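Enquirer: Structure provided below as structure tokens; questions to follow.
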Amino acid sequence: MITAYLLNNKVLSVINLTVENTIPENTIWLDIYKPEDDERLWIKNLFISEVPEEEELDDIEASSRFYQDKEGVHILSLFPQRIGNETKGVNVSFTLRNGLLLSLREEDIGVVRLLRQYMRQNQIEISNAVDILLELQSLKIEYLSDLIEDSFDSLDDASDKVLQGSNATALQEMMKELMFQHQACTHIHMALGDTRRALRYLRKVFTSSLQTSEREEIDEALHDIESLLPNTQFLFDKIDFLLQSAMGFTNLQQNSIIKIFSVAAVVFMPPTWIASIYGMNFVHIPELQWMFGYPFSIGLMIFSAFATYLFFRKKGWL
């Protein structure tokens, strides 16, 4: 799907295009979502010689993510996407060329939808293609900040469960949630670092052409990233602490169960020993012919078990 964003007298309009259409005048952004083969060919013939494939969008080398050639400035930017409890990173390819921003993505991204909504409601001021790219990065930072806040809330709930001493099932669910949060924090940290590199690269490439407001926006965004990065490290530390606490609590529960079995085995050891003696098949066992031999042996077993139990209670082992 190809979506064109037109700027006329500071008013943005949005239209959908097909490969049979020509690009309207005053187009400042072309957003290509899940391009088909004919759409890829259309992009290749009009703009860039090599359209990145889906697997190429996951390159992590700096030389593959930020570079400039005769076709324009290329930036491969990482956007977080949360679906349910799971968070993943989605790479979007941007190309700035002759006042036109070309974006290529294989997945739907909430930040793009939010920017489109702001554009339609005239809630943001856009004057060129660079402004769009900066707005996307700014909205991404705000979204990352919201994800960090959500992680803080989830970890607070997990802390309460640990302090309340939840049962084994609740602890398993909590540990699963902690793993989801660890995954989310990993993607948040990666997206923040990637955004910082992208903004620094933009400031370097467009040093002479950036407006004062755009420089200020980049500096503010970089400042926000620097303030958010320590929070991600704190989240990693808290997740690790809660995981260790939950595992420690689980080990304590298991040790308590094992202790009960161990004590029970020791308590019944004397009665077992007595029963073993009178279970021998020797002829000359004095109590075998005694009238009170049976109740005496039963009482002796009960007394030995009860005495062992009292001994453990006095020692505080129960």
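The values are calculated or read from the model by the stated rules, or taken from the named source; none is laboratory data. Remember, it's a predicted structure, so these values are computed and weren't measured experimentally. Accessible surface is based on the protein model in full, side chains and every heavy atom, while ligands, DNA and RNA are left aside. Shrake-Rupley method; radii C 1.70, N 1.55, O 1.52, S 1.80 Å.
Enquirer: With a 1.4 Å probe and every protein chain left in place, work out the accessible area per residue of the chain in Å², rounded to a whole number.
Expert: Accessible area per residue: 58 Å².
Enquirer: Where the Cα atoms of segment 208-278 are projected onto their three principal axes, how long is each span, largest first, in whole Å?
Expert: On the principal axes, segment 208-278 reaches 101, 13, 8 Å in Cα extent.
Enquirer: Show H223, H284, H74, H182 ordered by accessible area, largest first, where the area counts protein heavy atoms only and the probe is 1.4 Å.
Expert: The most accessible residue leads, giving H284, H223, H182, H74.
Enquirer: At 222 nm, what helix-only mean residue ellipticity would the chain give, in deg cm²/dmol to the nearest 500, using -39500 (n - 2.57) for each DSSP H run of four or more?
Expert: Helix contribution divided over all residues of the chain: -21000 deg cm²/dmol.
Enquirer: I'd like the orientation of helix 110-120 relative to the chain: the angle between its Cα long axis and the longest Cα principal axis, in ° from 0 to 90, rounded to 10.
Expert: Approximately 40 degrees, to the nearest 10.
Enquirer: Now for a separate question. Using the Kirkwood radius built from alpha carbon pairs, what does the Stokes-Einstein equation give as D for segment 101-154 at 20 °C and 1.002 mPa s, in µm² per second?
Expert: 173
Enquirer: While we're here: Cα-Cα over 27 Å: which of K88/K238; K204/K238; K88/K204; K34/K88?
Expert: K204/K238; K88/K204
Enquirer: What accessible surface, in Å², does a 1.4 Å probe find on Y278, ignoring ligands, DNA and RNA and rounding to the nearest 10?
Expert: Estimated to the nearest 10 Å², Y278 gives 70 Å².
Enquirer: If I stretch the segment between H284 and D38 completely, what's the gain in nm (0.36 nm per residue apart, minus their alpha carbon distance), one decimal?
Expert: Full extension from H284 to D38 adds 78.4 nm.
Enquirer: What whole number of Å gives the distance from the Cα centroid of segment 261-281 to the Cα centroid of segment 119-148?
Expert: 76
Enquirer: I've got another one for you. Build a GNM of the chain with springs between Cα atoms under 10 Å: which of E20, E149, E216 gets the top mean-square fluctuation?
Expert: With Cα springs under 10 Å in the chain, the top fluctuation among E20, E149, E216 is at E20.
Enquirer: What's the angle, to the nearest 10 degrees (0 to 90), between helix 37-46's Cα axis and the longest principal axis of the chain?
Expert: 40
Enquirer: Dividing the alpha-carbon radius of gyration of the chain by 2.2 N^0.38 Å (N being the number of residues), what value is obtained?
Expert: Here the Cα radius of gyration is 1.75 times the empirical estimate.
Enquirer: Any chance you could look up the accessible area of M190 with a 1.4 Å probe, heavy atoms only, rounded to 10 Å²?
Expert: 100
Enquirer: Compare N85, N231, N21 in a GNM of the chain, Cα atoms joined below 10 Å, and give the one with the largest fluctuation.
Expert: In the Gaussian network model the winner is N21.
Enquirer: Using alpha carbons only, how many degrees (0 to 90, rounded to 10) separate the axis of helix 168-205 from the longest principal axis of the chain?
Expert: 20
Enquirer: Report in % the part of the accessible area of the chain that belongs to carbon and sulfur, leaving out ligands and nucleic acids; probe 1.4 Å.
Expert: 56
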